[in-house]
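The values are calculated or read from the model by the stated rules, or taken from the named source; none is laboratory data. Just so it is clear, the model here is predicted, and its values are computed rather than measured. Quick reminder, even Gly has a Cβ in these numbers, built from the backbone with ideal geometry, and neighbours come from all protein chains shown. To get the accessible areas, we keep the full protein, side chains included, count just its heavy atoms, and leave off ligands, DNA and RNA. Shrake-Rupley method; radii C 1.70, N 1.55, O 1.52, S 1.80 Å.
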Amino acid sequence: MTSQKPQSRHGTGLEIVTIDGPSGSGKSTISRMLAARLGYAYLDTGAMYRAAGLAAMRAGIPLDDEEKIAALLDSAFDLELVPGPDDTRVLLGGEEVSREIRTAEMGLVASRVSALPAVRERLGALQREIGGRGRVVCEGRDMGTVVFPEAAWKFFLDASPEERARRRTAQLAERGEDADYHAILAQIRKRDHDDSSRAVAPLRPAPDAFVIDSSRMGMDEVVSLMLERITSR
Ligand code: DC
């Protein structure tokens with residue numbers, strides 16, 4: 001709907017929406033829905049950290065060896081993000097790794113490499129290169145705080161750990177995968193702790209972000225609220 005396409009309030013011509021928040025807050029689905037409604041591209045930065053973690057693992061590099069992982073990203077990190085109907089397809093060196101990177105284990109691996117400043121620096125530069133073209137919804141942990149501080153519209157999407165664990169359990173069960181609510185809740189709490197206590201780019205809302213607690217809201221409701229904010233300014 002063209003009437004819902006916003007104008008940049010900074011006059012830079014760049015229309016960037018950032019959506020940050022903890023894992024399981026519904027960010028990915030909501031970001032994709034919002035991008036579709038606005039006719040914008042969608043940038044899944046979590047997929048980039050997951051792919052970097054997978055590349056490090058495959059190269060046999062310990063996940064805390066910052067220097068070696070940085071060198072790998074500089075020399076042999078051929079990442080392609082292809083927008084798909086339900087998900088971003090992720091290709092690493094031409095090989096599709098979309099499913100492989102989206103396991104809970106790879107989430108923890110991604111969380112570890114994402115704590116390394118040299119990794120954040122490189123992936124942040126890549127994100128700015130892609131998102132800097134504008135008309136994009138950028139989803140992650142530090143989109144509004146670090147990567148796109150100038151973004152026109154910033155959202156921080158939250159939900160209680162219990163609700164996020166419930167959603168994740170249902171999602172996995174739907175796919176026929178093992179889903180133990182208590183194990184998932186423990187994993188979510190650990191990742192929240194790791195992501196928000198790290199020294200670089202910790203997970204937190206930007207001071208000018210609009211915070212939405214989606215614990216008791218449906219996805220459509222959240223997207224409508226975001227569209228309302230976007231079109232009102
Ligand atoms: O959104 P996700 O679950 O796919 O992200 C995987 C991990 O990557 C998450 O634990 C934190 C990290 N991440 C990050 O540090 N910064 C981002 N912009 C996106 C993800």
- prompt: At a 1.4 Å probe radius, carbon and sulfur cover how many percent of the accessible area of the chain?
  reply: 51
task: Quick one: compute the contact order of the chain, relative version, from alpha carbon pairs under 8 angstrom and 6+ residues apart, as a percent.
output: 32
message: Explain nothing, just compute: Karplus ³J(HN,Hα) = 6.51 cos²θ - 1.76 cosθ + 1.60, θ = phi - 60°, for every residue of the stretch 63-76 in order, whole Hz, x for Gly and Pro.
response: 6, 10, 8, 4, 5, 5, 5, 4, 5, 5, 5, 6, 10, 9
- prompt: Is the shape of the stretch 10-113 rounded, prolate or oblate, going by the alpha carbon gyration tensor and its root eigenvalues a ≥ b ≥ c, with a/c under 1.5 for rounded and a/b larger than b/c for prolate?
  reply: prolate
- request: Report the GluC sites (Glu not before Pro) located in the stretch 127-225 that are in a DSSP loop and have at most 14 other Cβ atoms inside 10 Å of their Cβ, or state none.
  value: Glu150, Glu177
Surrounding net charge for Ala70, when Lys and Arg each add one and Asp and Glu each subtract one, Cβ distance under 10 Å: -3
message: Can you compute the charge dipole magnitude of the stretch 98-193 about its Cα centre, using +1 on each Lys and Arg Cβ and -1 on each Asp and Glu Cβ, nothing else charged? Give it in debye, rounded to the nearest 20.
response: 220
Table column - 3J(HN,Hα) (Hz), the stretch 134-146, Karplus curve with 6.51, -1.76, 1.60, x for Gly and Pro: x, 6, 8, 9, 9, 10, x, 10, 10, 5, x, 8, 10
- prompt: Given +1 on the Cβ of Lys and Arg, -1 on the Cβ of Asp and Glu, and no further charges, what dipole in debye does the chain carry about its Cα centre, rounded to the nearest 20?
  reply: 580
message: Taking amide H atoms as placed 1.01 Å from N in the peptide plane, list the residues 5 or more away in sequence, or in a different chain, whose amide H sits under 5 Å from that of Arg89.
response: Val82, Gly84
- prompt: When you take every Cα atom in the stretch 76-233, what is the radius of gyration, and what is Dmax, the widest Cα pair distance, in Å?
  reply: 16.5, 44
query: If only Cα atoms are counted, what is the Rg of the stretch 44-93, and what is its Dmax, in Å?
result: 11.5, 36
statement: Among Gly144, Val200, Ile184, the residue whose Cα sits farthest towards the positive end of the charge dipole of the stretch 133-200, when +1 is placed on the Cβ of each Lys and Arg and -1 on the Cβ of each Asp and Glu, is Gly144
message: Explain nothing, just the number: dipole magnitude of the stretch 189-233 about its Cα centre with +1 on each Lys and Arg Cβ and -1 on each Asp and Glu Cβ, in debye rounded to the nearest 20.
response: 200
- line: Sorting Met106, Met217 on solvent-accessible surface, 1.4 Å probe, most exposed first, gives Met217, Met106
field: Note, ³J(HN,Hα) from phi for the stretch 119-129, Karplus 6.51, -1.76, 1.60, rounded to Hz, x at Gly and Pro
entry: 6, 4, 4, 5, 5, x, 5, 5, 5, 5, 4
statement: Taking every other residue with Cβ under 10 Å from the Cβ of Asp195 and scoring Lys and Arg +1, Asp and Glu -1, one gets +2
query: Could you give the accessible area per residue of the stretch 100-192, probe 1.4 Å, as a whole number in Å²?
result: 45
- prompt: Any idea how far apart His193 and Asp178 come out in nm if each label point goes 7 Å out from Cα toward Cβ?
  reply: 2.2
task: Label the stretch 64-144 by shape, choosing from rounded, prolate and oblate, from the square roots a ≥ b ≥ c of the eigenvalues of the Cα gyration tensor; if a/c is under 1.5 it is rounded, and otherwise prolate applies when a/b is larger than b/c, oblate when it is not.
output: rounded
- request: Hey, can you grab everything whose amide H is under 5 Å from the amide H of Ala41? Only 5+ residues off in sequence or another chain; H modelled, so Pro and N-termini drop out.
  value: Val136, Val137
statement: Of Gly24, Gly93, Gly84, the most mobile residue in a GNM of the chain (C-alpha springs, cutoff 10 Å) is Gly84
- request: Mind checking which of Ala52, Ser215, Gly124 is farthest towards the positive end of the chain's charge dipole, using Cβ charges of +1 (Lys, Arg) and -1 (Asp, Glu) about the Cα centre?
  value: Ser215
